[in-house]
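The values are calculated or read from the model by the stated rules, or taken from the named source; none is laboratory data. Here the structure is a predicted model, which is why all the values come from computation and not from measurement. Cβ placement follows ideal geometry from the backbone for every residue including glycine, while neighbour counts extend to all protein chains displayed. Only protein heavy atoms, including side chains, enter the accessible area calculation; ligands, DNA and RNA are left aside. Shrake-Rupley method; radii C 1.70, N 1.55, O 1.52, S 1.80 Å.
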Amino acid sequence: MHFNPNVCATAAFLALSAGTAFAEGELKLYHWFDYIPQELLDQFAAEYDVTVTMDTFDSNEAMLATLKAGKLGDYDVAFPSDYMVEIMANEGMLDTFERTELTNFENIMPQWIDVSFDPGRNSSIPYQWGSTNFAVNNAAYSGDVNTTSILFDPPEELRGQINVLDSQGELLALASMHLSIPQCTSDREQLQALNDLVQAARENWASFGSDIAKDSLVSGDALVSMIYSGQAAKARAEGADISYAFPSEGYVLFADSAVLLADAPNRDNAILFMNFLLEPENAAAVSNFAQYGSSIIGAHEFLTEELRNSPELNPPSNATGRFVQACVEDVQVVYDTIWTNLKE
């Protein structure tokens, strides 16, 4: 048999390439603020020879508005919460993929695959999960914090020193729980009650700020702040003497996802990055940084002990978490009006 060293060298290179994904070019992310360690982005960039750029948003609604305003096609991967995944899919803003494109798909915990907002995970992968509640300054208030009355009918000592998230879905969901009415209700009396509640409560709020929620608690500028669980944990770590509430009326549970956007300019790199996030150690790196839960098999062993025992990730057994619901179009118009009037 004739031995050709050039052919053998080429075959060896191809065999190596088959075992290692090579890429080049760019990856453009649209991501939550303060939510992923730069070191992990740098690791992906170095491993795949890809230039990673990232813009940030502070609410699902802000992200949706930006993409609808002409930015769809500028980004490859975005990171919406559960209900927003469904909204984006319904509006044709998501691409789909085959499971075989993600070699780490099997790392997803089974309970996070057949989800209502993306059954079977055809456009998204689970990213992080947590809750949206509020935290209260312990020095300023010693009463029961586990009630939505803190936000919507606050005690005298907290009035005028409350920050709420600039997030329509989550704030109105908590208000609905406070009133014990369904989310996305079409009942006129219930909608009037919802509007009346938030308009009256607004008089007791100092600010609408998602990106200031943590810092306002640390500085003491706010005695109460509606906040994401991971941000509350970070505030505690930075010295804020706060209690994170799990209201008896209910709290918002969220599950963020990484979605493949329609018209992604770098689809192949988007798939590589989503697969990269499904590696247990990488998923844990995100959770350890942002202080949220992971949905990836094997990530738990890489989580810090502090995160595993975090009070923000371990609600009491009598607390009930609910996802924000995506309303049908005609009902959503009413909720948008309530929100617009609230922000004026």
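A few notes on this one:
- Residue list for the stretch 150-169, restricted to those being crowded, with 16+ Cβ neighbours inside 10 Å and either within 21 Å of the chain's Cα centre (by Cα) or assigned to a helix (DSSP H, G or I) (or both): 150, 151, 152, 158, 163, 164, 165, 166, 167, 168, 169
- Complete set of residues in the stretch 288-305 that are within 15 Å of residue 278 (Cα to Cα) and acidic (Asp, Glu): 301
- Counting only strands (runs of 3 or more DSSP E) that sit completely within the stretch 210-278, those holding 2 or more residues that are farther than 30 Å from residue 90 by Cα correspond to 224-228, 242-244.
- Scanning the stretch 30-61 for residues that are farther than 22 Å from residue 132 by Cβ and among the small types (Gly, Ala, Ser), we see that the one that is surrounded by the fewest Cβ atoms within 10 Å (Cβ to Cβ) is 46.
- Pairing each residue of the stretch 42-63 that is among the small types (Gly, Ala, Ser) with any residue that is surrounded by fewer than 15 Cβ atoms within 10 Å (Cβ to Cβ), provided the two are 6+ apart or on different chains, yields C-beta distances under 7 Å for 45/51.
- From 266, 314, residue being more than 30 Å from residue 157 (Cα to Cα) and open to solvent by 10 Å² or more (accessible area, probe 1.4 Å): 266
- Segments classed as helices (runs of 4 or more DSSP H), wholly inside the stretch 1-118, with at least 2 members that are out of contact with any helix residue (DSSP H, G or I) (no Cβ under 7 Å at 6 or more places or on another chain) and at pLDDT 95 or above: 38-48, 60-66, 82-90
- So residue 130, is it closer than 30 Å to residue 282 by Cα and either over 17 Å from the mean Cα position of the chain (by Cα) or not hydrophobic (A, V, I, L, M, F, W, C) (or both): yes
- When the residues of the stretch 308-329 are filtered to those that are touching a residue at least 24 places away in the same chain (Cβ under 8 Å) and part of a helix (DSSP H, G or I), the one that is nearest to residue 255 (Cα to Cα) is 313.
- When residue 335 is tested against (1) out of contact with any Asp or Glu (no Cβ under 8 Å at 6 or more places or on another chain); (2) surrounded by 12 or more Cβ atoms within 10 Å (Cβ to Cβ); (3) more than 29 Å from residue 203 (Cβ to Cβ); (4) not assigned by TED's automatic domain parsing to the domain that holds residue 277, exactly one condition is not met: (3).
- Here the condition is being surrounded by 17 or more Cβ atoms within 10 Å (Cβ to Cβ), out of contact with any Lys or Arg (no Cβ under 9 Å at 6 or more places or on another chain) and either over 23 Å from residue 322 (Cβ atoms) or not assigned by TED's automatic domain parsing to the domain that holds residue 216 (or both); of 138, 146, 107, it holds for 107 alone.
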